[in-house]
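Written below as C-alpha cells is the structure these notes are about.
The values are calculated or read from the model by the stated rules, or taken from the named source; none is laboratory data. Bear in mind the structure is a predicted one, so any value in this text is a computation, not a measurement. Using ideal geometry, Cβ is built from the backbone for each residue, glycine included, and neighbour counts are taken over all protein chains shown.
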Amino acid sequence: MRRLATLIVAMLAIGLASRSALADKRVAFVVGNSSYQNVVALANPANDAAAVTDMFKKAAFDVVETRRDLKNSEMRRALRDFTEKARDADIAVIYYAGHGLEVDGTNYLVPVDAVLERDTDAYDEAISLDRILQAIEPAKQLRLVILDACRDNPFAKTMKRMVASRALGRGLAGVEPSRPNTLIAFAAKGGSTAADGDGRHSPFTSALLAHLAKPGLELGKAFRLVRDDVMKATGNRQEPFVYGSLGGNDVSLVPAPAVAAPPVVADPNAGVRRDYELAERVGTREAWDSFIAAHPSGFYTELAKAQRNKLAAEATRVAAAEKARLAAEEQARLAAEGARAAEQAKAAQQAKAAEEAKLAAEKQKRIEEEKVAAAEKAKAAAQAKAEEDARKAAEKKAADDAKLAAKVAEEARKTAEKQQADEARLAAEQARKAEEGRKAEEAKVASLAPQESRTSQPAPPDIPRLLQAELKRVGCKTGDVSSEWNESARKALSSFNNNAGTKLDIKLASIDALDVVKSKTGRVCPLACERGYRASGEQCVKITCDDGYVLGSNGACQKRPPKVTQQRERRAPASGRRGGKCFVANGMSFCE
C-alpha cells in the first residue's frame, strides 16, 4: 500500500508538470498539392504533407488541419477557417508543399486548378504569401510558415508577360516578415530552386521530419540542422533559408519533457504522530493513558510512556513537598504549644522524612525529564534519517527516469537514422535504375543510327514548334509559330546565331538548339520595327518629328529642305504615281 500510494503521488506530480509544460495552445495547417490539372503533377507533396501531419499530431498539437490538392476557392476558404482556430493560439504553423512562383517580387502558392496563361493571372488564380501570413497573424508567441515550394515555375514556358519589364524569377523571392516573432522557412534560398526528391519525401521535408519536433530543441538550431542535412543530401546544390527573427527567449516547437518532482514519500506513522501531538497538547496523564491504550507499541508509544512517567514524577514531587510543608508546620505548632519532648521528636522525624521524600521526588522528576529529552532527540534523529532516505530514493528514481528517457531518445534517434538511411538507399537505387535506363535508351538510339549525330536526327514533331516559341521569346522570330521548320524559322535561328555568337545548324530543329535557346533568359535579337517606327524597350513606337522636320529615308528626323532653287523636270518612274511629276532639289527627289 505504501508503494502504491507513493507511485500514485509521483504520477500525479508528473502529470501536473507535463500539463503545465504543454499549457500553450499550438495549431498547425498542412497543405500538399500534387495533382495539378494544367501542368505536370508532383510526386512528393502528398507524401510530405501526410508525414508532417503525423509529426504534428505526435507532438500533441491542439489543432492539426490537413488538406490535399486544394483548388483556388477551397484553399482560400480553408485559410479563412484556420484563421479562426489561430485566434487564441500561442503557436501557429502553416506547412505548404507544392508549386510556387514569384511574379515581380511577390511570392504565390499555386492551387491545383490554376491556369496562369498571363503573368497577371497570378493575382487571381494563386494565393499570395501575404495572405498566408495573415492567416497566422493572431498567434501570440510564434508565427511560422514552412514552404517546400521553391521548384521551377511550371508555367514560365507558356505564360505571357503583359508588361515586358515585369520579372518572373526562379524559385521564390526572399522576404522579411514585418511582424515580430514571425519566421518564413524556404526549402531553398530566395532566387534558387529546390528538388522534389527521388525518394518518398523531398530532401527539405525529410530533414524537417528528423529535427523539427525534437522536444526542447530551439527552433533556430532545428532549422540550422535542417540546412546541414539538405546541403549534404543535395551535394550543396540546395540551401534552405529562414527569413525573420525571434526574441531572446528560446522557442521550441515541442516543449522539453517536464522534470518530474521528487516523489513525496508517505509517512507510515503519520496517523500515530497526529494522535501523539493531540495527547501532547492535552498534556494530562489520562490523555497519555488513552494514547498508550490505542497504540500499545511503537516509537511514539515509548515516548508517550516517558511523558506519562514525567507527569507522575511531578505529581509525586508536589505531594512530597506538600507533606514536608505540613510536617514542618506541625513541628512548629508543637514547639509553640510546649508539647512534650517525645511528640516534638516524632514531629521532627516526620518532617525530615517528608523532606527526604520531596528530594527523592524531585530527583525522579529530573530523571524522567532526561528520559523525555533523550526520546525527543531520538525522535528527531529518526525523522531526519527518514527524510534522508526519502531524498536518496527520489534522487535514485530521478536518475533512473533520466536514464530511461535517454535510452528512449537514443532508440528514437537510431530509428530515425535507420529510416533516413533506408530512404537514401532507396533513392540511390532509383537513381541508379534511372541512369541505367537512360544509358540503355541512349545505346538503343546509337545502335539504330551509329553514324548520325544528335543534331542530324529527324526532330520529333513538337521540337520545331517548341524551338520557334523559344526563338520568339528571345526576340528572334516574328509571326506565327507552327510545327514546320520553314524558311522563316531558319532565318530566326540564323539571327540568333549572329546575335548570340553560336553556330547552331539552321537546317534542322534539333534538341541541342532548343536547349541553347532555352538557356537564354532575356532578349537576344534586337527589336526590329517597321519604317516610321522605332524600338522603345520591348515595344515599337511611331516616330514623330517636330515642326520644320520630316522623316528621312534613313528613318531619322531631318530638317525640312529649303525652297527649291534649282529644279528640273524628269519623267516619273513607272512605279510612281500615274501622270505625276518628280523633281530633284538639292540632291533629293520629290514627286507630286
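Take R308 and tell me if it is touching a helix residue (DSSP H, G or I) at 6+ places or on another chain (Cβ under 6 Å) and either modelled with pLDDT under 85 or assigned to a helix (DSSP H, G or I) (or both).
Working: touching a helix residue (DSSP H, G or I) at 6+ places or on another chain (Cβ under 6 Å): yes; either modelled with pLDDT under 85 or assigned to a helix (DSSP H, G or I) (or both): yes.
Judged against the criteria, R308 is a match.
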Give me the pairs: first residue in region 67-96 and touching a residue at least 60 places away in the same chain (Cβ under 8 Å), second residue outside any loop (DSSP other than H, G, I, E, B) and surrounded by fewer than 18 Cβ atoms within 10 Å (Cβ to Cβ), beta-carbon distance under 8 Å, and six or more apart or on different chains, which are they? A89/V63
If we keep just the residues of region 413-456 that are farther than 25 Å from G235 by Cβ and under 31 Å from the mean Cα position of the chain (by Cα), which is modelled with the lowest pLDDT? T415
Across region 327-357, what is the total count of residues that are within 26 Å of A313 (Cα to Cα) and of a type in the set (K, R)? 1
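Yes/no matrix, rows are residues, columns are (1) touching a helix residue (DSSP H, G or I) at 6+ places or on another chain (Cβ under 6 Å); (2) within 30 Å of A398 (Cβ to Cβ); (3) among the charged types (D, E, K, R):
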{"position": "E286", "(1), (2), (3)": "no, no, yes"}
{"position": "S297", "(1), (2), (3)": "no, no, no"}
{"position": "Y300", "(1), (2), (3)": "yes, no, no"}
{"position": "T316", "(1), (2), (3)": "yes, no, no"}
{"position": "R333", "(1), (2), (3)": "no, no, yes"}
{"position": "Q350", "(1), (2), (3)": "yes, no, no"}
{"position": "Q364", "(1), (2), (3)": "yes, no, no"}
One residue is enough: does region 26-38 have a residue meeting the conditions assigned to a helix (DSSP H, G or I), in the same structural domain as A149 (by TED's automatic domain parsing) and modelled with pLDDT of 90 or more? no
Condition (residue is among the charged types (D, E, K, R), assigned to a helix (DSSP H, G or I) and crowded, with 18+ Cβ neighbours inside 10 Å) applied to region 208-227: is it met by at least one residue? yes
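Residues that are hydrophobic (A, V, I, L, M, F, W, C), more than 25 Å from A92 (Cα to Cα) and in contact with a strand residue (DSSP E or B) (Cβ under 6 Å, 6 or more places away or on another chain): does region 138-153 have at least one?
As a first pass, look at region 138-153 and keep what is hydrophobic (A, V, I, L, M, F, W, C): 139, 142, 144-147, 149-150.
The next check asks that each one be more than 25 Å from A92 (Cα to Cα); those that pass are none.
There is no residue in region 138-153 that is hydrophobic (A, V, I, L, M, F, W, C), more than 25 Å from A92 (Cα to Cα) and in contact with a strand residue (DSSP E or B) (Cβ under 6 Å, 6 or more places away or on another chain).
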Considering residues that are under 26 Å from L466 (Cα atoms) and either in a loop (DSSP other than H, G, I, E, B) or aromatic (F, W, Y) (or both), the number found within region 498-555 is 23
Criterion first (within 21 Å of the chain's Cα centre (by Cα), at pLDDT below 75, charged (D, E, K, R) and crowded, with 16+ Cβ neighbours inside 10 Å) does D196 satisfy it? yes
Top-ranked residue of region 45-93 - restricted to ones that are in a loop (DSSP other than H, G, I, E, B) and among the acidic types (D, E), ranked as farthest from G199 (Cα to Cα): D88
For region 291-309, does any single residue satisfy the condition of being crowded, with 17+ Cβ neighbours inside 10 Å, over 12 Å from V372 (Cβ atoms) and of a type in the set (A, V, I, L, M, F, W, C)? yes
